[in-house]
Every structure is written in C-alpha cells, then in structure tokens.
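One structure below.
The values are calculated or read from the model by the stated rules, or taken from the named source; none is laboratory data. Fair warning: this is a prediction, and the values are worked out from it, not measured in the lab. As a convention, Cβ positions derive from the backbone with ideal geometry for all residues, glycine included, and neighbour counts pool all protein chains shown. Note: areas computed on protein heavy atoms with side chains; ligands, DNA, RNA excluded. Shrake-Rupley method; radii C 1.70, N 1.55, O 1.52, S 1.80 Å.
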Amino acid sequence: MSAKSILVLHGPNLNLLGLREPEHYGNATLASINQTLVDNAKLANIDLETFQSNAEAELVTRIQTIATHHVDFVIINPAAFTHTSVAMRDALSAVKVPFIEVHLSNVYAREAFRHHSYFTDIAVGVISGLGAHGYTLALDYAIRHIDQS
Ligand code: DQA
C-alpha cells in the first residue's frame, strides 16, 4: 500500500507569523508550526508536505497538482484569500479533496469582512481562534479520517 499523504497550504502573509500582529496570530513562526506538523505526521506514518505562497495563482496551481499527485487530505489556511478567492475554492472542488479550513484568529470576533469564507461550506470543518494549536487539532482529525478511509 502506498504511503498516505497530507498537504498543508498557507496563504498570504503567513510567512510573517511570529512577527505579524501577535495579538491576532500568536508568536509561533510558520517554520515551527510546519515542523510540528511534519513530526506529528511522521509518528503516524504519513507524508506531510507544506506550501506557503503570497500569490493566489501559485496556490491554485499547487491545488491543481492534486489531480495528478494524489493527496489524502488538505489542511488549509487561505488567510486573506479566505474572503476573496473563488479561484481557490473552485480548485479544491475540482480535485475533490477533503479539507479542513484553519484560522489562527477567531475570524468571527473580528471585522465583518472576515466573517464570510469562500471555503467553509465545502470544508469538512473549520477551526478558528485556537492559534497554532488549531493546526495540530486539524492534523489529528486528518489522521483519523485517513485511518478510517
Ligand atoms: C487568518 C484570518 C484572515 O482573515 C487573515 O486575512 C489572515 C489570517 C487567520 O489565520 O486568522 O491572514 O486566516
């Protein structure tokens, strides 16, 4: 049986985690979040790849590669593209991959424009407001989901 795999996608400005508005996004860097996810996935014998981009086109193209390079589950923080990107939503629908939407901050406790997501209704679930821990919770769920499928 081939190894199971998870893809973690990070949208714009998440490369600045650790520096960027820690009152919203905490102090953890993206590198430390990614390392924790890779380590936890390894313990479950799952390959985990991470990808961050500030460019919508790059994220769409990375999602499209799932059509030819299968992944079992996606964890995505679309960041600002959450509230704008029909293109990323359509790409996820096209490749029919189950995914969890993660936000470090509680988007529902912030500005009204953050309350709408183009992803939530097609996601398996959403984690918002639990900081970096939200990613490890999403990974726990993804691992269970993969084990059961
Ligand atoms: C975010 C919330 C978005 O509204 C914002 O644009 C981000 C990060 C979060 O993780 O809380 O860049 O997705």
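Looking across the range 1-53 at every residue that is free of Cβ contacts under 8 Å to residues at least 12 places away in the same chain and of a type in the set (D, E, K, R), the one that is least open to solvent (accessible area, probe 1.4 Å) is identified as R20. A44 satisfies every condition listed in (1) among the small types (G, A, S); (2) over 20 Å from L139 (Cα atoms); (3) more than 12 Å from the ligand (Cβ to nearest atom) except (2).
One residue alone among Y141, Y135 is of a type in the set (F, W, Y), surrounded by 14 or more Cβ atoms within 10 Å (Cβ to Cβ) and more than 19 Å from N15 (Cβ to Cβ), and that residue is Y141.
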